[in-house]
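Participant: Take this structure, written in structure tokens, and hold onto it; I'll ask about it next.
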Amino acid sequence: DAGVTQSPTHLIKTRGQHVTLRCSPISGHKSVSWYQQVLGQGPQFIFQYYEKEERGRGNFPDRFSARQFPNYSSELNVNALLLGDSALYLCASSSSPGQGITDTQYFGPGTRLTVL
Amino acid sequence: AQSVTQPDIHITVSEGASLELRCNYSYGATPYLFWYVQSPGQGLQLLLKYFSGDTLVQGIKGFEAEFKRSQSSFNLRKPSVHWSDAAEYFCAVGPNTGGFKTIFGAGTRLFVKA
């Protein structure tokens, strides 16, 4: 079975541009979460979507937005890119909306975004 | 404020030696606790998780962790380290009220010497 897939693998943008990152969850999973991992730090929660509805949002500016499609894939959009947005963006999927003893998030390999 | 502290930025152990990675957390309610591993160029893989009950949790790859409520700690252990265990390890806490708003520590980089 395919795991969580993300595209593109790497991306280089310049300040002020916008970017769209894509995530395909594991088949049958309806929850997608996005995390930002700056070099040398742990991942930071950005968004969670379940059944196309936003279920959680982290402390990120409005430049960050996301959506989930009917097939449960998801996009993360970042507008007006700043140098500080350079990071590894991780997507995680789960079959349920919340964490429980039998529920687990499965992470994709990430998209490496570099802002010049 | 909710936070996770991993005091050791990096640790070096010899292959075959025992390992303990430290994790302390600050959280308003009793959280769910996790340990993840990240190998270079890869995403995060869940090693183990604690929700309730037995405070000693067994995970994959021979890892275990112990939850100590009085110390707000959730340390990860392995009795004998293999060279393939070299990676970055993240401790994390999550809400027990639903959702995946997980808070991660800054990570501990494990180096294994022959």
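The values are calculated or read from the model by the stated rules, or taken from the named source; none is laboratory data. Predicted model only: the values in this text are computed from it and were never measured. Methodologically, a virtual Cβ is constructed for each residue, glycine included, from the backbone with ideal geometry; neighbour enumeration extends over all protein chains shown. Surface accessibility is based on the protein's heavy atoms, side chains included, excluding ligands, DNA and RNA. Shrake-Rupley method; radii C 1.70, N 1.55, O 1.52, S 1.80 Å.
Participant: Mind telling me which of the residues A:Glu75, A:Glu54 ends up being charged (D, E, K, R) and open to solvent by less than 40 Å² (accessible area, probe 1.4 Å)?
Facilitator: Checking each option against the conditions leaves just A:Glu75.
Participant: Further question on the same structure: Tally time: how many residues in region A:97-116 are more than 9 Å from chain B (Cβ to nearest Cβ), among the hydroxyl-bearing types (Ser, Thr, Tyr) and either open to solvent by less than 40 Å² (accessible area, probe 1.4 Å) or under 13 Å from the mean Cα position of the chain (by Cα) (or both)?
Facilitator: 1
Participant: Given the conditions (1) in contact (Cβ under 8 Å) with a residue 60 or more places away in the chain; (2) open to solvent by 50 Å² or more (accessible area, probe 1.4 Å); (3) within 11 Å of chain A (Cβ to nearest Cβ), which single one is not true for B:Pro95?
Facilitator: (2)
Participant: Sticking with this structure for a sec: Only strands (runs of 3 or more DSSP E) wholly contained in region B:1-63 count here; list those with 3 or more residues that are touching a residue at least 12 places away in the same chain (Cβ under 8 Å) and not β-branched (Val, Ile, Thr).
Facilitator: The qualifying strands (runs of 3 or more DSSP E) are B:19-21, B:24-26, B:32-38, B:44-50.
Participant: Let me ask something else. Answer yes or no as to whether A:Gly84 is at pLDDT below 95 and of a type in the set (Gly, Ala, Ser).
Facilitator: The answer is no for A:Gly84.
Participant: Scanning for something more than 12 Å from chain A (Cβ to nearest Cβ), farther than 14 Å from B:Leu21 by Cβ, more than 10 Å from the chain's Cα centre (by Cα) and not in a helix (DSSP H, G or I), does region B:76-85 turn up at least one residue?
Facilitator: Yes.
Participant: Could you identify the single residue in B:Phe67, B:Phe104, B:Phe100 that is free of Cβ contacts under 8 Å to residues at least 40 places away in the same chain, within 10 Å of chain A (Cβ to nearest Cβ) and surrounded by 13 or more Cβ atoms within 10 Å (Cβ to Cβ)?
Facilitator: B:Phe100
Participant: Being away from every other protein chain (no Cβ under 13 Å), assigned to a strand (DSSP E or B), open to solvent by 20 Å² or more (accessible area, probe 1.4 Å) and not basic (Lys, Arg) is true for just one of A:Ser27, A:Ser65. Which residue is that?
Facilitator: Selected residue: A:Ser65, the only one of A:Ser27, A:Ser65 that is away from every other protein chain (no Cβ under 13 Å), assigned to a strand (DSSP E or B), open to solvent by 20 Å² or more (accessible area, probe 1.4 Å) and not basic (Lys, Arg).
Participant: Tell me, yes or no, whether region A:40-57 has at least one residue that is more than 11 Å from the chain's Cα centre (by Cα) and of a type in the set (Val, Ile, Thr).
Facilitator: The answer is no; no qualifying residue exists.
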